[in-house]
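Participant: There's a structure below that I have some questions on.
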Amino acid sequence: MKIAVIGAGYVGLVQAAGLAQLGHEVIAYDIHQRRIATLKKGLSPIYEPGLEECIKRGIEGKRLFFTDRLEEAVFFAPVLFLTVGTPAKSTGEADLSAVFAVAHQIALLAEEEKMLIIKSTVPVGTGDKVEKMMREISPSFPFHVVSNPEFLRQGSALHDFLLPDRIVIGLDDGGLAPLLQEIYKGIPAPILWMDRRSAEMVKYAANVFLATKISFINMMAELCESLSADVEMVSLGMGSDRRIGPHFLKAGIGFGGSCFPKDAFALMHMAREAGVPVPMVEAMMETNDRIPDRIVHRLLSLLPIKARRITLLGLTFKPGTDDLRDSPSLKVISHLAKYPYTLRAYDPLVKEGTPHPALHSVALTSTIQEAIEGTEAILLLTEWPEFKEADWIRLRRLVSHPLFIDGRNCLDEEKMKKAGFQYIRIGKKPTLFLKTEGDPRESTDGKRGVPASRK
Ligand code: UDX
């Protein structure tokens with residue numbers, strides 16, 4: 001089937017490349033000419049595992065095309081996916097200007113019946129408004145607007161496209177169903193048919209619920225720290241109940257990224273407009289916002305008095321992506337920047353010279369070694385495999401003081417303690433670390449820093 005994808009950003013590119021892989025003939029449009037020029041060369045402008053190869057395969061197989069001319073995309077196909085951005089305004093409300101601008105243009109350009117499938121995350125009722133607008137602009141052609149929210153995780157977006165748990169489709173005209181079935185024919189997942197407004201709501205409900213699970217376990221982590229329980233055991237005990245499930249119960253530095261915070265704010269805005277209180281969502285966001293501050297306080301309370309250097313390991317909001325949007329690490333940096341410490345950071349995908357206003361107070365390094373050399377505290381913020389695989393016994397020799405806070409609970413506690421680190425996990429009351437005399441760099445045999453239970 002011929003399909004056009006309008007907006008070659010993160011979601012659009014995965015959608016276009018994925019649909020081409022399913023055998024459809026796809027054209028992806030974007031307003032940014034440079035982006036389209038890059039894509040035409042088979043290069044992906046964003047980092048996403050497997051995406052560039054998938055784009056190349058699509059181009060070589062003559063199933064994937066790119067254009068910066070909207071009319072070309074509109075004339076190409078009777079079915080158009082709308083994948084433009086809906087960023088948050090300062091009020092939290094989703095900015096729909098790109099959605100309406102593009103839909104307006106499509107209605108003006110179209111010379112035949114079109115189906116517009118909205119993949120962008122939009123507030124409930126947007127599909128109704130877009131369809132009404134398009135039909136008013138061009139009454140001679142029937143326009144059908146469908147909601148088909150995406151649930152792609154950065155770092156595994158192609159996998160999520162090809163093997164989703166479900167496909168949610170919201171339409172108010174059942175006659176469109178066969179065409180949509182045809183689009184997703186190659187995907188082994190159930191299609192959940194519903195009305196358009198409910199489909200729009202599913203996206204917000206799913207993301208806010210997942211974020212709530214994370215905030216819940218992070219709240220439990222704080223409680224566990226003061227009541228000497230271990231949140232990982234609590235998470236295991238809770239998550240083994242099939243009604244609860246083990247996913248998204250990993251305590252840590254909190255969630256970030258381009259979706260959870262934005263969608264929670266948009267939901268709160270929608271609820272305000274509807275006059276419906278949503279105190280759970282507010283509390284969930286407050287809990288998440290408090291964590292970086294709490295961890296920085298913990299770090300500062302454990303630092304030796306004369307300490308001057310702090311190292312951050314990992315900056316992206318999660319591994320497998322170079323995305324820093326709403327990353328908790330940026331909040332940690334802005335808290336730490338108030339103090340007179342020298343901050344060094346290493347992230348496998350955030351290179352020296354990365355232009356970001358929040359990073360000017362940090363010296364970025366190109367290796368773990370460089371980042372921790374002579375440091376007096378390490379704070380791990382992203383669970384990159386490189387950190388899990390590192391030889392911490394050897395690395396321990398490089399630090400001046402062995403304080404190590406694992407903000408993602410991702411390293412092996414026994415090994416870290418054996419290496420001689422004062423190793424602290426989230427949601428677990430630390431055992432007391434008794435310092436022995438001399439330069440801590442001299443010893444790597446685990447004899448220094450003998451932990452003794454506080455109780
Ligand atoms: C999310 C949704 O999962 C996806 O369905 C939606 O379409 C877009 O938003 P993404 O933002 O890529 O995807 O990341 P995800 O893997 O969901 O993680 C979000 C954040 O939660 C990350 O910062 C991650 O570190 C954090 N997280 C996740 C936890 O802190 N604990 C967990 O147990 C799980």
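All of the numbers you see were taken from the coordinates with simple rules; none came from a lab. On a predicted model such as this, the values are computed, not experimentally measured, just so you know. As a convention, Cβ positions derive from the backbone with ideal geometry for all residues, glycine included, and neighbour counts pool all protein chains shown.
Participant: Please report the net charge: other residues with Cβ closer than 15 Å to the Cβ of T321, K and R +1, D and E -1. Provide the component values of the computation, followed by the final result.
Facilitator: Values: positive: R153, K318, R325, K351, R408; negative: E48, E52, D160, D322, D323, D326, D347, E383, E386.
Computed value for this residue: -4.
Participant: A further question follows. Along Cα→Cβ, 7 Å out, is where each label goes; now give me the distance between the ones at E286 and S156 in nm to one decimal.
Facilitator: 3.3
Participant: State which entries of K41/K262; K351/K428; K331/K415; K262/K388; K89/K129 exceed 24 angstrom in Cα-Cα distance in the structure shown. Intermediate values should be presented prior to the final figure.
Facilitator: Details: K41/K262 32 Å; K351/K428 32 Å; K331/K415 29 Å; K262/K388 30 Å; K89/K129 19 Å.
Beyond 24 Å: K41/K262; K351/K428; K331/K415; K262/K388.
Participant: OK, next. What does the net charge come to around G155 if you take all other residues with beta carbon closer than 12 Å to its beta carbon, with K and R at +1 and D and E at -1?
Facilitator: Net charge in that neighbourhood comes out at -3.
Participant: With the alpha-carbon atoms as the only input, what is the per residue convex hull volume for the stretch 288-454 in Å³?
Facilitator: Details: hull volume 17.9 nm³, N = 167.
Residue-normalised Cα hull volume stands at 107 Å³.
Participant: Same structure again: Which residues among the stretch 1-35 fall inside the zone where the amide N is under 17 Å from a point 7 Å beyond the Cα of E72, along Cα→Cβ?
Facilitator: 3-9, 13, 16-17, 25-35
Participant: OK, next. What's the FRET efficiency of A337 with R34 using the Cβ-Cβ distance as r and R₀ = 45 Å, to the nearest 0.05? Intermediate values should be presented prior to the final figure.
Facilitator: Details: r = 33 Å, r/R0 = 0.74.
Calculated value: 0.85.
Participant: So what are the stretch 2-194's ellipsoid semi-axes, whole angstrom, largest first, if each one is the square root of 5 times an eigenvalue of the alpha-carbon gyration tensor? List each step's numbers first, then the result.
Facilitator: Working: eigenvalues 111, 71, 62 Å².
Value: 24, 19, 18 Å, ordered largest first.
Participant: Sticking with this structure for a sec: Can you give the FRET efficiency to the nearest 0.05 for R272 and W193, using r as the Cβ-Cβ distance and R₀ = 30 Å?
Facilitator: Values: r = 30 Å, r/R0 = 1.01.
About 0.50, to the nearest 0.05.
Participant: Using the Cα gyration tensor of the chain, with a ≥ b ≥ c the square roots of its eigenvalues, what is the shape: rounded (a/c below 1.5), prolate (a/b larger than b/c) or oblate (neither)?
Facilitator: Values: a/c = 2.46, a/b = 1.97, b/c = 1.25.
Prolate is the answer for the chain, as a/c is 1.5 or above and a/b outweighs b/c.
Participant: Still on this structure: Output the 0 to 90 degree angle, nearest 10, between the alpha-carbon long axis of helix 196-227 and the longest principal axis computed from the alpha carbons of the chain.
Facilitator: The two axes meet at around 10 degrees.
Participant: What size of dipole, in debye to the nearest 20, comes out for the chain about its Cα centre when the only charges are +1 on Lys and Arg C-beta atoms and -1 on Asp and Glu C-beta atoms?
Facilitator: Working: 57 positive and 56 negative charges, 300 e Å.
Dipole size: approximately 1440 debye.
Participant: Run the quick spin-label model on I393 and Y47: label points 7 Å from Cα toward the beta carbon, then report their separation in nm to one decimal.
Facilitator: 3.1
Participant: What's the FRET efficiency of M233 with A358 using the Cβ-Cβ distance as r and R₀ = 22 Å, to the nearest 0.05?
Facilitator: Details: r = 35 Å, r/R0 = 1.57.
Computed FRET efficiency for M233 and A358: 0.05.
Participant: Still on this structure, please answer the following. Just to be sure I understand the model, the point goes 7 Å from the Cα along the line to the Cβ. What's the resulting H247 to L302 distance in nm?
Facilitator: Each label point lies 7 Å from its Cα, and together they span 3.1 nm.
Participant: If you take every residue apart from K331 with its C-beta less than 14 Å away from the C-beta of K331, what net charge results, scoring Lys and Arg +1 and Asp and Glu -1?
Facilitator: Working: positive: R290, R294, R325, K338; negative: E286, D289, D293, D326.
Once positives and negatives cancel, what remains is 0.
Participant: Give me the number: length gained by fully extending L223 to E113, i.e. 0.36 nm times residue separation minus the C-alpha to C-alpha distance, one decimal in nm.
Facilitator: Working: separation 110, 0.36 × 110 = 39.60 nm, distance 5.78 nm.
That pair, L223 and E113, stretches by 33.8 nm at full extension.
Participant: Can you give the helix-only mean residue ellipticity at 222 nm for the chain, where every DSSP H stretch with n ≥ 4 adds -39500 (n - 2.57) and the sum goes over all residues, rounded to the nearest 500 deg cm²/dmol? Write out the running numbers ahead of the final one.
Facilitator: Numbers: 17 runs with 185 residues, N = 455.
So the helix-based figure for the chain works out to -12500 deg cm²/dmol.
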